[in-house]
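Trainee: Before anything else, here's the structure in question.
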Ligand SMILES: Cc1cc2nc3c(=O)[nH]c(=O)nc-3n(C[C@H](O)[C@H](O)[C@H](O)COP(=O)(O)O)c2cc1C
């Protein structure tokens, strides 16, 4: 017999995603997420599970759009802000100096240093336990061919180990 919560957290490696959205003034914020995946090719859909207590999901509820950025080594330094601090408390872009580029089909910007950026329009919000599942229709994809994807290998001696592929 194993402890369920502990065992679920061992399902690694996971791709590191940055999920971004904007407030009513168009100011971006975002967070790190492991729990994101493609769920349909036709239409092209990506689902992300965001905790109900977080800030980013409120931006998605308002703006009805978000960006899913597939992280690279160049974004690892920003995990300490985007993965542990609430966007209600700090301006994560100011703190980390992450470079953004304008998206093509939505208002939320994309990340210059990401391997892939997917511009998504909100298709569905599903209440799933302590998280909301946001299903986004991908309206534009971007690729940065020279970069490698950042993977989260989980914790060793309580320190998170990241690698690339
Ligand atoms: C490697 C990593 C993976 C994470 N994955 C998720 C996730 O899949 N879903 C989630 O809700 N939070 C996840 N988090 C936690 C959020 O990124 C964190 O709570 C963040 O501060 C939320 O920011 P916000 O309140 O501004 O939205 C993860 C954090 C790290 C470091």
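Trainee: From the convex hull of the Cα coordinates of region 1-98, what is the mean projected area in square nanometres?
Mentor: Dividing the Cα hull surface by four gives the mean projection, 7.9 nm².
Trainee: Helix-only estimate, please: 222 nm mean residue ellipticity of the chain, summing -39500 (n - 2.57) across DSSP H runs of length 4 or more and dividing by its residues, to the nearest 500.
Mentor: Result for the chain: -3000 deg cm²/dmol, rounded to the nearest 500.
Trainee: Okay, next question. Round to a whole angstrom and tell me the spacing of the C-alpha centers of region 104-127 and region 1-59.
Mentor: 12 Å
Trainee: Starting from the eigenvalues of the Cα gyration tensor, five times each then square-rooted, give me the equivalent ellipsoid semi-axes of region 69-121, largest first, whole Å.
Mentor: 19, 14, 10
Trainee: Considering the Cα positions of region 4-164, please state its Rg to one decimal place and its Dmax as a whole number of Å.
Mentor: Reported Rg and Dmax, both Å: 14.8, 43.
Trainee: Once all Cα-Cα distances of region 81-165 are split into 10 Å bins that start at 0, what whole-number percent is in each one?
Mentor: Result returned by the calculation: 14, 30, 46, 11, 0.
Bear in mind these aren't lab numbers, they're just calculated from the coordinates by the rules spelled out. Just so you know, these numbers come straight off a predicted model, no measurement behind them.
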